[in-house]
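We did not get these values from a lab; they are worked out from the coordinates using the rules stated. Just so it is clear, the model here is predicted, and its values are computed rather than measured. Heads up, the Cβs are rebuilt from the backbone with ideal geometry, glycines too, and the neighbour counts pull from every protein chain shown.
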Amino acid sequence: MDEINRNTDIEEEEISNDIPSSSVGQSAEDYSADNIQVLEGLEAVRKRPGMYIGTTSERGLHHLVYEIVDNAIDEALAGFCDHIEVEILEGDIIRVSDNGRGIPVGIQPQTGKPAVEVVYTVLHAGGKFGGGGYKVSGGLHGVGASVVNALSEWLRVEVRDGKEHYMMEFKRGNVTRPLTVLGATDRRGTTVTFKPDPIMFDTTVFNYETLEIRLREQAFLNAGLRITLTDSRPGMEQTSVMHYEGGIRSFVEHLNRNKTAIIDEPIYMSGSRAGSVAEVAMQYTDGYNEQIISFANNINTPEGGMHETGFKTALTRVLNDYGKRFNLLKGEEKLSGEDTREGLCAVISVKLEDPQFEGQTKTKLGNSEIRVLVDSLLGEKLEQFLEENPTVAKTIIEKCISANRAREAARKARDLTRRKSALEGMRLPGKLVDCNERDASLTEIFIVEGDSAGGSAKDGRDPKYQAILPLWGKMLNVEKARLDRVYGNDKLTPVILALGCGIGDECDVSALRYGKVIIMADADVDGSHIRTLLLTFFFRFMRPLIDNGNIYIAQPPLYKITHGKKYRYAYDDAERDQILSEIYAASPNARPDIGRNKGLGEMNPVELWETTMDPAVRVLKKVRLEDATRADEIFTILMGEKVEPRREFIEKNAKYVVNLDV
Ligand code: 28G
């Protein structure tokens, strides 16, 4: 922390807007002509921001930070930087600093401009750098700094090269201050400060936790790199220092921090071949779900791919071989892939020359040579590890055997459920209020907690394409449940039957009976409890629905604002303020009534329709894998065996969970 502070906090010279200083390259007047060209490039970004950052939602906003940080990480990978500091300043301005070589400031012969200017004004500038290696970090599909610049109200880049302190500034991608020398310095590094353009984003308010999760991941993936995150917004001050000498071993320990591990420390394996590098860290817990997180060139690959396939194949083969060889597996007993991954937490990180990203969200690694590499690397190293650590090996194989037996039991329970439903002729749960339409792509199902909310939803819905499933019964602790228990549970069985897509291995999106599965719960503690349960259930047992984007969360309004005979609903505080200001602007002595949200159960059918169910006005939040992962984590904390994390969580979130009875 101290070193990077010297880089950023103690300035030899203040930056002001009218420092008399020498310009490098061109004078300010020369810029008008060049601007036209620059504009054409970056104007495309401002015209269609989604094309460059995927989305202009909160997520896109945070991508801006990752993109800048990724450039600093590339400098760290090149071996010239070991500190990166990220700060959220008052007004949601971001400042990122590194202690690398500094972006080159010399004039490029092709353009006649300083390299740093080219990096910040030309689309796709950057690409391969860092000593001939591969550009490894992720971000905006590698498009880089110029996109961030184009989408910033203003941006300032400072470079220190051990001699001079340079600065240049931009507004919405256009140079407003050409490269300028501010003074002398003996330090090195790059500092980028920017304010995302509110015109371009739905919100420009940064979420500390979102940045922290992503930056921590990068700190794990780059062992030894120190990343600090500081929130300097008034009233929100906090700092995290992320620095892990253990790399992905520390990542696995972190992922398992709320769980009970059954082997003392993560098993770590690494190796390289033909310019590609693979490393794996893995540790078993006493839980039932698997958590495999993979990366290619430091880019998260939630859709998996060849590295995950290679890992899974090798794991199944090696554990079966070992089990047979040492007589831990008897006779015909054979472990399935799933058996070997129950309770497993693994992080796989590969680095390769030319990664091919495939799949729906371009987050699946397609290079087949990597499957072979990970498979053979793991085959050898894991076999060797098991032979050298027979006690650990025995623990692992026994865990897999118990998973194998549970799977058998689950199959029987499932067959029983099927036979029962066939016998009783109840393919669909009794409380389901179905819709008329049969084409799943046109239909939606609302899963609603409580009979009164269910009643309003039933009367308020459009019966043509909207189905309602009220939930009742006792909450199942999914944390402790394997498939067999889920099948028998009175709260979850109706969900499984209504959706029709099956669970676990058999979950098949094409059999899903409704295109949208919408969780509708109150905005209070109990509502958040049921949301967490359902998300965890979908995450663990119907993951393909999350990957395929079928799961949604309904957002009931937070306020009803009544003024005279008219009323309007607001879905967040900003919208409430907007509506109020409109009302006051229209009549200065207005006295609107601001009603705090009612529970869903207290809304009448018409209210429920016009606020939460009508596609023309409602707000639906599509559940992303990250949301489900977070819900799963919260669930583990709340339902798991470890007392300490639960106490911490409840203390930290006291205002949300006071009534939660777990
Ligand atoms: C703090 C926020 C984000 C960066 C560097 C360092 C170099 C660099 C960055 O080069 C590619 C190659 C030469 C023009 C490379 C410095 C080689 C020698 C660098 C950052 C294009 C860019 N000396 N540090 N880019 N050059 N940090 N931090 O962005 O020809 S970007």
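Remarks
- Projecting the Cα positions of S581, V619, P556 onto the charge dipole of region 544-662 (unit charges on Cβ atoms of Lys, Arg, Asp and Glu, taken about the Cα centre) puts S581 furthest along the positive direction.
- Extension gain, L625-D459: 0.36 nm per intervening residue step, less the Cα-Cα distance, totals 56.5 nm.
- Model label points for R405 and I262, set 7 angstrom from Cα along the Cα-to-Cβ axis, are 1.1 nm apart.
- Reported value for region 268-401: 100 Å³ per residue, from the convex hull of its C-alpha atoms.
- Each label was represented as a point 7 Å from its Cα along the Cα-to-Cβ direction; for V643 and T395 these points are 2.3 nm apart.
- Peptide ranges 321-333, 560-572, 620-632, 370-382 listed from the most packed, as the mean C-beta count within 10 angstrom indicates: 370-382, 620-632, 560-572, 321-333
- D by Stokes-Einstein for region 498-545, Kirkwood Rh over Cα pairs, 20 °C, 1.002 mPa s: 186 µm²/s.
- Count Lys and Arg as plus one, Asp and Glu as minus one, and take only other residues whose Cβ is under 14 Å from that of I583; the net charge is then +2.
- Of the residues F538, A590, V643, the one whose Cα sits farthest toward the positive end of the charge dipole of region 505-662, with +1 on the Cβ of Lys and Arg and -1 on the Cβ of Asp and Glu, is A590.
- Helix-only [θ]222 nm of the chain, DSSP H runs n ≥ 4, -39500 (n - 2.57) each, per residue, nearest 500: -12000 deg cm²/dmol
- Per-residue HN-Hα couplings for region 398-409 [Karplus 6.51, -1.76, 1.60; θ = phi - 60°; Hz; x = Gly/Pro]: 5, 4, 5, 5, 5, 5, 4, 5, 5, 5, 4, 4
- Sorted peptide list for 167-180, 530-543, 230-243, criterion being average Cβ within 10 angstrom, highest first: 530-543, 167-180, 230-243
- Multiplying the residue separation of Y584 and D439 by 0.36 nm and removing their Cα-Cα distance gives an extension gain of 47.5 nm.
- A cut-off of 5 Å between modelled amide H atoms, ignoring neighbours fewer than 5 places along the same chain, links V623 with I551, Y552, I553.
- Anisotropy class of region 236-312 from Cα gyration tensor, a/c 1.5 cut: oblate
- Taking the DSSP beta bridges with both ends in the chain, the antiparallel portion is around 75 percent.
- For the chain, pairs of C-alpha atoms spaced more than 34 angstrom apart make up 53 percent of the total.
- Options N99, V347, G287, ranked by Cα towards positive dipole end of the chain, top entry (Cβ charges): G287
- Over region 513-632, the Kirkwood radius and the radius of gyration, each from Cα atoms, give a ratio Rg/Rh of 1.06.
- Ranked packing of 357-366, 456-465, 574-583, most packed first, by mean Cβ within 10 Å: 456-465, 357-366, 574-583
- Amide H contacts of T301 (H built 1.01 Å from N, under 5 Å, at least 5 apart or other chain): S294, F295, A296
- Interchain or long-range residues, amide H under 5 Å from L182's placed H: H165, Y166, M167
- Given +1 at the Cβ of Lys and Arg, -1 at the Cβ of Asp and Glu and no other charges, the dipole of region 373-413 around its Cα centre is 480 debye to the nearest 20.
- Spin-label pair N604/I213, simplified geometry with 7 Å Cα→Cβ offset, distance in nm: 4.0 nm
- Only Lys, Arg, Asp and Glu carry charge here, each on its Cβ (+1 for the first two, -1 for the last two); on that basis region 151-190 has a dipole of about 60 debye about its Cα centre.
- Each Lys and Arg contributes +1 and each Asp and Glu -1, all at the Cβ; summed about the Cα centre of the chain, the dipole is approximately 2480 debye.
- Vicinal HN-Hα couplings computed from phi for region 455-466 (Karplus, 6.51 cos²θ - 1.76 cosθ + 1.60; Hz; Gly/Pro x): x, 4, 5, 4, 6, x, 5, 9, x, 4, 10, 10
- ³J(HN,Hα) computed for each position of region 226-241 - Karplus, 6.51 cos²θ - 1.76 cosθ + 1.60, integer Hz, glycine/proline x: 9, 10, 10, 10, 10, 9, 10, 5, x, x, 10, 4, 6, 9, 10, 10
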